[in-house]
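Structure, as structure tokens:
Every read-out reported here was derived from the displayed coordinates using simple, explicitly stated rules and does not represent laboratory data. Here the structure is a predicted model, which means the values were calculated and not measured. All Cβ positions, even for glycine, are placed from backbone atoms using ideal geometry, and neighbour counts span all protein chains on display.
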Amino acid sequence: MSRIQQQLLKLKQQHRLRQRRVVSGLDGSRLSINGKSLLNFADNDYLGLRQHPQVVRACAEAAQQYGVGAGASALISGYSDQHQALEQELADFLGYQKVLLFSSGYLANQAVMGSLCQRGDKIFSDQLNHASLIDGCRLSRATVHRYSHSDSRKLENLLLQHALGKATANTGQESFILSDGVFSMDGDVAAYTKLQQLAECYQACLIIDDAHGVGVMGKHGRGSWEAANAAQPDILIGTLGKAFGTQGAYVAASSERIEWLIQKGRSYVYTTALAPPIAAATRVSLRLIRKGAKLRQQLNKNITYFRQQAAAQGLQLLYSSSPIQPLMLGSEKRLLDWAEKLQGAGILVGAIRPPTVPEGTSRLRITLSAIHQQAEIDQLLEALKEAV
Ligand SMILES: Cc1ncc(COP(=O)(O)O)c(C=O)c1O
């Protein structure tokens with residue numbers, strides 16, 4: 001057997017082989033897979049904007065005007081007036097000097113850590129940060145210190161030992177605290193008050209990736225930091241493939257930092273720009289998010305209803321006020337059995353295994369959306385009851 005064959009076999013034996021499903025259509029909260037219609041509790045379209053008629057129309061109209069793809073990187077000829085307007089509108093919405101669009105959240109994180117965090121710098125990173133942040137740290141030449149999940153005491157100890165603070169101001173080296181805003185596989189929110197206190201005290205720059213918070217949380221939908229009544233993080237990363245229902249990502253920061261990303265962010269410079277129709281569609285999503293209080297209310301109602309009913313059923317969900325509601329099952333085998341039973345009952349839920357999550361913490365990642373009807377949530381609860 002070749003090395004790869006052996007490794008694939010091992011993944012299979014560990015129940016860790018990932019498989020793609022072929023989706024052939026989407027209709028509100030239902031997906032077609034292999035000719036079967038399934039209720040979708042697996043994606044991140046938290047507000048149901050992916051199929052919103054105004055978003056779809058804006059995308060189609062822009063494709064007529066600009067073509068489908070950007071045709072080149074942003075610094076050659078791929079940057080359109082749609083991109084420029086979206087960046088300005090996002091900066092106004094989030095309250096930052098500047099915003100820069102990326103083709104994906106993964107790429108945004110490579111650029112932020114890869115260019116803003118430099119040799120001699122220190123990054124303090126939550127252990128459960130998303131893989132794209134971890135990979136961004138690997139790309140940077142900074143020294144990375146990981147602290148146990150949301151453990152501000154551990155973080156403070158590390159800062160005490162290693163942060164650069166004022167003493168090194170002359171060397172130009174910097175410290176960064178790096179965290180998901182809403183943790184993507186756990187659904188809990190960063191401990192903002194403590195993170196901001198520590199960032200201030202140790203003169204560190206706070207970087208938050210709020211991929212799962214922007215649009216969904218906070219009175220105005222500005223994200224988990226708004227919901228936590230916190231100040232804006234120094235650097236905010238957000239993705240467009242989740243609550244916005246489109247694709248791509250952005251970084252919001254000072255004009256100076258954005259200029260540096262344009263100059264030195266390799267995953268910005270050396271890749272085709274976000275497709276202009278996607279930028280046009282996202283502008284409409286942003287308008288819907290700005291006046292989306294009702295959508296957020298509906299989503300929160302669904303989250304509360306699901307949590308209450310699940311608790312009454314004796315299901316032990318992790319604590320989460322976000323649309324991400326994980327049900328811990330432990331072993332890969334048990335998780336796959338549950339996921340299969342749910343699929344048999346017409347329901348699709350994310351089955352998350354190591355290495356995405358730590359060993360022994362395989363889980364169903366149930367995600368809720370404003371477009372789920374109560375009867376659909378009841379169907380999910382019933383299927384969960386049967387799967388036990
Ligand atoms: C916290 C976080 N950051 C970044 C990403 C990557 O974003 P994208 O899918 O746009 O690459 C994700 C998930 O996909 C995420 O959960």
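Observations
- Cβ-placed point charges (K, R +1; D, E -1), dipole of the range 53-290 about Cα centre in debye, nearest 20: 200
- Along the axis of the charge dipole computed for the chain (Cβ charges of +1 for Lys and Arg, -1 for Asp and Glu, origin at the Cα centre), the listed residues LEU158, GLY181, VAL357 are led at the positive end by VAL357.
- Magnitude of the charge dipole, the range 1-112, Cβ model with Lys/Arg +1 and Asp/Glu -1, debye to 20: 1100
- The range 207-353 - charge dipole about Cα centre, Lys and Arg +1 at Cβ, Asp and Glu -1, debye rounded to 20: 460
- The chain: translational diffusion in µm²/s, Stokes-Einstein, Kirkwood Rh over Cα pairs, 25 °C, 0.890 mPa s: 112
- Helix-only [θ]222 nm of the chain, DSSP H runs n ≥ 4, -39500 (n - 2.57) each, per residue, nearest 500: -12000 deg cm²/dmol
- Selected from GLY248, HIS220, GLY265, residue furthest toward positive end of dipole (the range 194-266; charges at beta carbon): GLY248
- The trypsin sites (Lys or Arg not before Pro) of the range 1-51 that DSSP puts in a loop, and whose beta carbon has at most 15 other beta carbons within 10 Å, are ARG16, ARG18, ARG20, ARG21.
- Distance between the range 353-373 and the range 244-282 - C-alpha centres, whole angstrom: 28
- Here the label points at LEU11 and LYS341, each 7 Å from Cα along the C-beta direction, are separated by 2.7 nm in the simple model.
- Prolate/oblate/rounded call for the range 104-186, Cα gyration tensor, a/c under 1.5 rounded: oblate
- At most 13 other Cβ within 10 Å, DSSP loop - trypsin sites (Lys or Arg not before Pro), the range 106-198: ARG119, ARG141
- Sites listed here are trypsin sites (Lys or Arg not before Pro) in the range 200-244 whose DSSP assignment is loop and whose Cβ has at most 10 other Cβ atoms within 10 Å: LYS219.
- Projecting the Cα atoms of SER321, GLN19, THR304 onto the charge dipole of the chain (Cβ charges, centred on the Cα centre) puts GLN19 farthest toward the positive pole.
- Shape category assigned to the range 1-134 from the gyration tensor of Cα positions, a/c cut at 1.5: oblate
- The range 279-345 shape via C-alpha gyration tensor axes, a/c threshold 1.5: prolate
- Within the chain, antiparallel bridges make up roughly 60 percent of the DSSP beta bridges whose residues both belong there.
- Each of HIS212, HIS83 was scored by other Cβ atoms within 10 Å of its Cβ. Listed from fewest to most, they are HIS83, HIS212.
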